[in-house]
Amino acid sequence: MVQKGKKRSPYSPRFLATGIMVAAAVFSTGCGKEKSAPSPPPPPNVSVVDAVHKDVPVFTEYVAQTQSSRLVNIHARVSGFLDKRMYTEGEVVKERQVLFQIDPKPFQVQLDQARAALAKQEAALETARLNLERVKPLTKLNALSQKDLDDATGQYQSAAAATEQAKAQVEAAKLNLSYTTVVSPVDGVSSSARQADGTYISLQNSLLTTVTVLSPIWVNFSVSENEMQQLRDQVAKGLLNTPEVFTVEIVLVDGSVYPYTGQITFAEPSYNPQTGTFLIRSSVDNPEGTLRPNQYVRVRLQGAIRPKAILLPQKAVHQGSKGHFVWVVDKGSKVEQRPVVVGDWQGSDWFIFEGLKSGERVVTEGGLTLSPGMPVTMKTLAAGGGDGITPAKAAPAKHE
């Protein structure tokens, strides 16, 4: 019997037996499990595309605005009461189509008066001619003096001049009468009538309407000084070949391409001092009148070629602290970080000006987790596919 309050010795047989059993259990558990080293992760899967040198047609795109190639203000040439408007406002009118009719009666009266005055002068001329014919032979016979001949000659010449003046007055009266019928000098779309029927037309309110020529139509756009300098630099370095004549393609607001193309017909000789740009004008046929003046469109200048260019998908090009770079897979299926010099966008692709050679394999997908020297498993994408190089005529970067 153990007495109450007396501590047991740690060397008692019962305590020793319990410690030996616990130690044996722990030892047997530890010996049953062997520590195994972690297996290395498999190489990451990446998609690659081959860098290929090829001649690529390129175009640049600009915001543009249409302008009528000829805008004609229709003015009345004579004063009078406006009888009637003869056209439908806003519709296309043809050349020589009657637009307005001014009261012709006063001008018809003026024409009749001028004709009467002409008839009177022609009669006086005939009398002077007959008188001269009578005087000439009598003067030769000394029946009349030289003064009589001079007077007869002067009267005839005066009557002839008066007759010519009367003829001119008749022609002026005819012109004024014809001006009472106001016609369109060109084919175009008409604007609203500026004067109502019954208005007295004078010099102060002579503007009647405006006719706007629709075909050909001008398309104006501006190029900045920086863009021009970049163009010159790329041409000088052989990165861009430009044609003698650019083809101008029109893109409408809904993204559709206008069926007619044009050519550049005018360029301002100097830059605009306020905007740092200069104006370029192209002329485009518009037979159906689809394009209207002051309409905003986009123009594409086509015809330039980038010789031996390399195009890569934009997702293959990364931005680092030192600039752009790509991941290149070497012959040992290991990746290398390669700095590159990029150019313009071409649709979903990016031109690579420096840093790559033809035939090198560039990572397009899976590059975010890579590090230099890492082995990879590759899947090659076809050039021009959905994940690879896009067609050359995709939309380029837009210049506002």
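What percentage of the solvent-accessible surface of the chain, computed with a 1.4 Å probe over protein heavy atoms, is contributed by carbon and sulfur atoms? Carbon and sulfur atoms account for 55 percent of the accessible area of the chain. Averaging 1/r across all pairs of distinct Cα atoms in segment 252-388 and inverting the result yields a Kirkwood radius of 18.9 Å.
Do me a favour and compute the ellipsoid semi-axes for the chain from its Cα gyration tensor, root of five times each eigenvalue, largest one first, whole Å.
Values: eigenvalues 2049, 159, 51 Å².
Working through the eigenvalues yields semi-axes of 101, 28, 16 Å.
According to the Cα-based calculation, Rg over Rh for segment 179-254 is 1.29, with Rh computed by the Kirkwood formula.
Segment 144-179 and segment 282-321 have their alpha-carbon centroids 69 Å apart.
The residues Lys174, Lys237, Lys147, sorted by heavy-atom accessible surface at 1.4 Å with ligands and nucleic acids left out, run Lys237, Lys147, Lys174 from largest to smallest. Of the residues Leu99, Leu356, ranked by 1.4 Å probe accessible area with the largest first, the sequence reads Leu356, Leu99.
Diffusion coefficient (Stokes-Einstein, Kirkwood radius over C-alpha pairs, 20 °C, 1.002 mPa s) for segment 67-181: 119 µm²/s, rounded to a whole number. Given a 1.4 Å probe and the protein chains as shown, Asp103 ends up with an accessible area of around 30 Å². Using just its DSSP H runs of length 4 or more, each adding -39500 (n - 2.57), the chain gives a mean residue ellipticity at 222 nm of -9000 deg cm²/dmol after division by all residues.
For Thr275, the solvent-accessible surface computed with a 1.4 Å probe is close to 90 Å², ligands and nucleic acids excluded. Here the alpha carbons of segment 219-317 define both size measures, Rg and Dmax, at 15.8, 45 Å. Projecting label points 7 angstrom from Cα along Cα→Cβ for Asp112 and Ser145 puts them 4.7 nm apart.
The values are calculated or read from the model by the stated rules, or taken from the named source; none is laboratory data. Here the structure is a predicted model, which means the values were calculated and not measured. For neighbour counting, all protein chains shown are included, and Cβ atoms are generated from backbone atoms with ideal geometry for every residue, glycine included. Accessible surface is based on the protein model in full, side chains and every heavy atom, while ligands, DNA and RNA are left aside. Shrake-Rupley method; radii C 1.70, N 1.55, O 1.52, S 1.80 Å.
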